[in-house]
Amino acid sequence: MLEAGVRDGLRGSREPWTVSIVKFGRGWSVTLDGPAARGQRGSSFMIAGPAGPEAVADAVRSAAGGTGAPAAMSGPASAALGTMGPERREEHACAICGQRFVVVYEAEPDEPLEEAPVACPHCWKVGHVQVARSASVGRDYRADKL
């Protein structure tokens, strides 16, 4: 289904393109490599939220046209950019100092968890906690004192 969006976004181009679209939480990570991206190999951007083929087509068209930046998009693609989902706040205790802190991140409701390093906001020793995969990969989480 998203392949149609990629094809529409590159319609009219006669040169070869490499397009990678990877599901990332609720959104998509897109990497383009082609004639307009030369010198800027692997132009990458995110399309957050439940984006359909139209949003993918607009995003690819914008990046393939040389802008390469999602901020330059308008219409459905810009509407697709945004936050992941509801904020999660999970309490933890530091294994070193024993003080409690909260880890804050955004994730989809059923997104799998994985271990991520976090510095205790009390003693600054690094431990590990479980956070959503998208937050772990992007290191998009924080620890706050309680």
request  = Test HIS122 against the criterion of being surrounded by 14 or more Cβ atoms within 10 Å (Cβ to Cβ) and either without any contact (Cβ under 8 Å) to a residue 60 or more places away in the chain or not assigned by TED's automatic domain parsing to the domain that holds SER29 (or both), and give yes or no.
outcome  = yes
message = Among the residues in the stretch 14-24, are any of a type outside the set (Asp, Glu), farther than 15 Å from SER134 by Cβ and at pLDDT below 75?
response = yes
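The values are calculated or read from the model by the stated rules, or taken from the named source; none is laboratory data. The structure displayed is predicted, hence computed values, not measured ones. In this analysis, Cβ positions are derived from the backbone assuming ideal geometry, glycine residues included, and neighbour counts consider all displayed protein chains.
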